[in-house]
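None of the figures in this text is laboratory data; all of them are computed from the coordinates on show. If you're wondering where the values come from, they're calculated on a predicted model, not measured in any experiment. Glycine also receives a Cβ, built like all others from the backbone with ideal geometry; neighbour counts cover every protein chain displayed.
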2 protein chains.
Amino acid sequence: MIRNDARTLEELVAALPPEVVITDPASMDAYRWDRANDPGAGVPLVVIRPTSTEEVQTVVKIAAANGTPIVPRGAGTGLSGGSTAVHRGIVLSVDRMNTIEVDPVTRTVIAGPGALNAQVKAAAAAHGLWYPPDPSSYEICSIGGNVATNAGGLCCVKYGVTTDYVLGITVVLADGRAVKLGGPRLKDVAGLSLMKLFVGSEGTLGIFTEVQLRLIPAQKQPTTLVATFPTLDAATDAVLAITQKMRPSMLEFMDQATINAVEDATKMGLDREAAAMLIAQSDEAGSAALEEITRIEEICNASGASECYATDDPEEGEAFVVARRMAIPAIERLGAVLLEDVGVPLPRLGDLVTGIAEIAARNEVTIATMAHAGDGNTHPLIVLDPTDLAQQERAHTAYGEVMDLAIRLGGTITGEHGVGRLKRPWLADYLGEDVLELNHRIKNALDPDGILNPGSVLAPAGATPAPAQATLSPEGSVEGAEGSVLPTPGEQ
Amino acid sequence: MIRNDARTLEELVAALPPEVVITDPASMDAYRWDRANDPGAGVPLVVIRPTSTEEVQTVVKIAAANGTPIVPRGAGTGLSGGSTAVHRGIVLSVDRMNTIEVDPVTRTVIAGPGALNAQVKAAAAAHGLWYPPDPSSYEICSIGGNVATNAGGLCCVKYGVTTDYVLGITVVLADGRAVKLGGPRLKDVAGLSLMKLFVGSEGTLGIFTEVQLRLIPAQKQPTTLVATFPTLDAATDAVLAITQKMRPSMLEFMDQATINAVEDATKMGLDREAAAMLIAQSDEAGSAALEEITRIEEICNASGASECYATDDPEEGEAFVVARRMAIPAIERLGAVLLEDVGVPLPRLGDLVTGIAEIAARNEVTIATMAHAGDGNTHPLIVLDPTDLAQQERAHTAYGEVMDLAIRLGGTITGEHGVGRLKRPWLADYLGEDVLELNHRIKNALDPDGILNPGSVLAPAGATPAPAQATLSPEGSVEGAEGSVLPTPGEQ
């Protein structure tokens, strides 16, 4: 196919209402990056903000006919560059498709992909129901983006991840057809599990225009434990001992650098000397919650905790959870940040956390690590001064070394944020060539012309084996974009 | 490719230990059918009982080179004909690949596909852990078959289905390569969700040689409620009212025909006059279980239950669950059985159950309906006298009408048993042409020569649109196999 972007633009303008089509460069600028701030972001041809499945179909049909790539976009809070604009491509933002309809009888919600996770939660709560998945960014991230990345969060340790709650999606395929996969049936095994394949596909297989999610009855008020530890090992030992026997509704970890950043921001009196802190919650019924928290406290003490504090006051407990949720913004105050998302099998959590500390020391950079500890999913945040080019290079080296370490420990390069563009160079190392080739076969089967989010997750068809566009290379150097560092979102 | 079965046989005999290769027709006979007893079953070329991933790879490579189809097989308890032998094909039985290894630290189990579900449960229980999915046939069905069909069960209403517990699979692809998808990482979003695609693929995309499953802490002792109702509507009204507010760990339904068949078999004193019976359990902690059961009892009474009986004695409660589990064998005593597996969105459960009763009356056949009511997943069992050809024809008409009804009500033709060969003629009606075409695209991408379980789920490549082999047609008549009825398993 001969790509004809000019014709794409012309046809889009002719086919869609004017308020849907944005071509003003200044207005388009807000749609070039997600929170990963990929320095390799292209300048889009056009930004489209459709309001219906039919409009999305119109866009895809025109793009497909003219070979113009499309980058789908939710709220732009992605952390792996999955919504980075590509040069002269279409950015398709679903932010205006944000209706929410709860059906309390089927205990499901149908939402537009642009609805925010927090809005879905609130709509469910109005019926005494709960949508569990809770990325730390739940107040600002879109449900469509959650489904596209199979997002996780804090409650996943007990309640699972996004895919466990997706019952149905309406998806516009690469040829512009719209199909409904799944629906309000709680069990359905008729045909291949296509819906599950689309969940987590990061916009590379189709564009979601509606999602149907399972809700469960409202969570019970949790009881909370906060425990501090003198060493990383003591904390990760406690995590292992807890997860072997129990299913807390939250089991979060913060290291010393994270504790201090949060304490700087909150002045809530956290122990700045502690090597690590765990926050655990139980939402069991009645007195069982306190019993579970008491058992967790006993395990923490047996693992050498320096201090434990339990509370069944929901507000007091929530204050600690808020502290954990604000860890990323608190660390972003310290400088520019490279945000990691590596996970390991639980028994290797201690090796990962101590290995990350070694990588930080060796590269002379600050790495603040927080973790959804009960899932073995960590977020090491590498802090860097954007004006210090030597440190910047060491930070990028550390970024790659953390992923290499995770792979060596049998872990994954991304537990919940997605591969996007930033982590694509490491995907082959993680998956191996055979599984990578299977990924490409599926991509080719569903998007043979490669117009959907090209370069995200998988190298575009025909690309050289090396990463084809400006991004972090596996060696940790910054390529393209005039050598700019990845800035923090506030700087964009 | 020119198919050469003779060369396949020759090469298999040369490449594999003799005890792995079965060619004796009498011995092969046991591998021709699963519990669906498809009258269209072919006579296999050879039955292979491998003991390792490498042996499976050898089989697939030889089959692929010579164009010989392979039907993978677990314990042969499938209810949709997914393991029906195809003419002159290989039956690959994984029954000897049945190792089980529990890792209590990662809280996972690695099992050979031939291990029985009950054996996996027992191995987990030895470590105080629990593998929840519990098909009624859990004592005789294989875990590989469970993963291949994304099997359900009784506890799914609270604990989800098989796919929710699969963390990793080793799969031999159609070209003989073996790949590992997933692993002991509780969160992992690196690359497309291939593992989830393979779960439920019924042997059409690859052959599982190892599965890794998530375990959770042992279930608490449940409290049980049994409620009987004078009408079907009263019972399904109660189901809706319960599921809107609560998450019982079991919510099962039996209609009058089922109650009577079970009472015939057990003489446990069930109310033969009741139109329907519900069995609910709560496994909440401590006193919360009885509180939940009390609320359920209140709802049942408000919906017009004629009698409610609650017990926190686990053995007494289990007796009712055993009664429910033996419902299928109890009904099989009444005659040959056509077993259905239709599911609907919960608000349509009442319409489905009463609609099935109307179909039974109109066609003058007995249909006994039991249901995983909390999931909207029903099992109508159509009973027929194999010697009464007119009744047989009416039964097959009813079989199709039940699926047509489910589709009209927004439901699925199979909630947990799979499409296999028996339900394939209805798949297009259910999925629609676009989604069916997507299924074929994925199948073609992963098995371009169509050697894996051809004719199961999807029509073989090049087949005419009408069902290509002897099975039930959508019109309900029996084709092929000399017009024989589907016999009950005991008759095989």
Setting aside same-chain residues fewer than 8 positions from A:Lys61, which lysines have a Cα under 17 Å from its Cα?
-> none
Any idea how far the Cα center of the stretch A:253-285 sits from the one of the stretch A:364-420, in Å?
-> 20 Å
Remind me, relative contact order of chain B in percent, using alpha carbon pairs under 8 angstrom and six or more residues apart?
-> 16 percent
For chain A, the charge dipole (Cβ of Lys, Arg +1; Cβ of Asp, Glu -1; about the Cα centre) points to a positive end, and the Cα of A:Thr162, A:Phe208, A:Thr387 closest to that extreme belongs to A:Phe208
What helices in chain B pass both tests, a Cα length along the helix axis of 30 Å or more and a mean Kyte hydropathy of 0.0 or higher, using whole DSSP H runs?
-> none
State to the nearest 20 debye the size of the charge dipole of the protein assembly as shown about its Cα centre, where the only charges are +1 on K and R beta carbons and -1 on D and E beta carbons.
-> 1640 debye
Measuring from a point 7 Å out along Cα→Cβ, what nm distances, shortest first, does A:Lys245 have to its partners in the other copies?
-> 3.6
Report the charge-dipole magnitude of the stretch B:276-349 in Debye, nearest 20, computed about the Cα centre from +1 at each Lys and Arg Cβ and -1 at each Asp and Glu Cβ.
-> 480 debye
Karplus couplings for the stretch A:92-107 from phi (6.51 cos²θ - 1.76 cosθ + 1.60, θ = phi - 60°), rounded to Hz, Gly and Pro as x?
-> 10, 8, 8, 4, 7, 8, 10, 5, 9, 9, 8, 10, x, 6, 7, 6
Coil-residue GluC sites (Glu not before Pro) of the stretch B:181-278, DSSP, other Cβ within 10 Å capped at 14 = B:Glu273
Cross-link pairs beyond the 25 Å C-alpha cut-off, checked among A:Lys158/A:Lys443; A:Lys121/A:Lys220; B:Lys121/B:Lys158; B:Lys158/B:Lys196; A:Lys245/B:Lys187; A:Lys121/B:Lys187 | A:Lys158/A:Lys443
Listed residues A:Ser83, B:Asn4, B:Ile359: farthest to the positive end of the dipole of the protein assembly as shown (Cβ charges) = B:Asn4
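Return A:Phe229, B:Phe208 ranked ascending by Cβ neighbour count within 10 Å, so the fewest neighbours appear first. Walk me through the intermediate numbers first.
Values: A:Phe229 26, B:Phe208 31.
Lowest count first: A:Phe229, B:Phe208.
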Relative contact order of the stretch B:223-408: what whole-number percent is it, with Cα pairs under 8 angstrom and at least 6 residues apart?
-> 27 percent
Sort the stretch B:35-125 into rounded, prolate or oblate with this rule: let a ≥ b ≥ c be the square roots of the eigenvalues of the Cα gyration tensor; rounded if a/c is under 1.5, and if a/c is not under 1.5, prolate when a/b is larger than b/c, oblate otherwise.
-> oblate
Which whole-Hz ³J(HN,Hα) couplings does the stretch A:367-382 yield from phi under the Karplus relation 6.51 cos²θ - 1.76 cosθ + 1.60, θ = phi - 60°, glycine and proline marked x?
-> 10, 9, 10, 10, 8, 7, 4, x, 9, x, 9, 10, 10, x, 10, 8
Hey, how many Å between the Cα centroid of the stretch A:50-81 and the Cα centroid of the stretch B:65-112?
-> 41 Å
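Report relative contact order for the stretch A:100-198 in percent, whole number only (criteria: Cα-Cα under 8 Å, sequence separation at least 6).
19 percent
Calculate the FRET efficiency for A:Gln221 and A:Ala118 from the Cβ-Cβ distance with a Förster distance of 25 Å, rounded to the nearest 0.05.
That gives a FRET efficiency of 0.85.
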By counting other Cβ atoms within 10 Å of each Cβ, how are A:Lys196, B:Lys423, A:Lys245 ranked from fewest to most?
-> A:Lys245, A:Lys196, B:Lys423
Calculate the mean, over all residues of peptide A:217-225, of how many other protein chain Cβ atoms lie within 10 angstrom of the residue's Cβ.
-> 1
Projected label distance in nm at A:Asn301 and A:Ala319, using a 7 Å step from Cα toward the beta-carbon = 2.3 nm
Order of B:Ser93, A:Ser83, B:Ser456, A:Ser306 under a 10 Å beta carbon neighbour criterion, fewest first | A:Ser306, B:Ser93, B:Ser456, A:Ser83
